[in-house]
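A short worksheet on the structure shown next.
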Amino acid sequence: MSQPSYKKLFTYWFSVLVYDLTIEFCGKYISSYKLREQMEGAARSGKQNIVEGSVDMRTSLKTAIKLTQIANGSIEELIGDLEDFLRQRKLKQWSKTDSQVLKMRANYGALVSNLSSQSNLSQNSVVLSSTPESAANQILTLCHQLTYLLSHQVDALEKKHLIEGGYTEKLYKRRKDYISNSK
């Protein structure tokens, strides 16, 4: 049995890492049930909308585009919560040029590239950083990589729709071709 198409997407594997680490992060550092539920829900929504958009793409590029944009919005929501977490605790948000961020970006890029071809994420692939500041920045780094990729995925889907048309257009063309060829 071949692997589902979404498991070939870098965005899917980044979302899995974001979701898993967010669950662990919230369990350790978020005491408010409502905020924990919101952050975990945003991370889950990001992942699940990537899955659903990928599966629905066969019948509707429009739906795939919409769900991919929703996934992006969910991850942006999580970014906001993580930035709030750091600011409210007077912890430092690392810049994208910080050496720790650069190292994480390279490591996660290599890991996700490997996962998209092997479809195997072990429990020890990524470990949540040990301090609240580093853990929040770790997830933020993954979120920023993910939103960057999701934006490019939306652009690619929109271009595909422009070139190929939608499912209804394809069905109509096939129907027209069938009718003209059966005469």
If residue 87 meets every condition in (1) at pLDDT 95 or above; (2) crowded, with 20+ Cβ neighbours inside 10 Å apart from one, which number is that one? (2)
Suppose the filter is among the charged types (D, E, K, R), over 28 Å from residue 167 (Cβ atoms), in contact (Cβ under 8 Å) with a residue 24 or more places away in the chain and in contact with a Leu (Cβ under 6 Å, 6 or more places away or on another chain); does residue 77 pass it? no
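The values are calculated or read from the model by the stated rules, or taken from the named source; none is laboratory data. No experiment lies behind these values; they were computed from the predicted model shown. Positions of Cβ are backbone-derived with ideal geometry, glycine not excepted, and every protein chain shown enters the neighbour counts.
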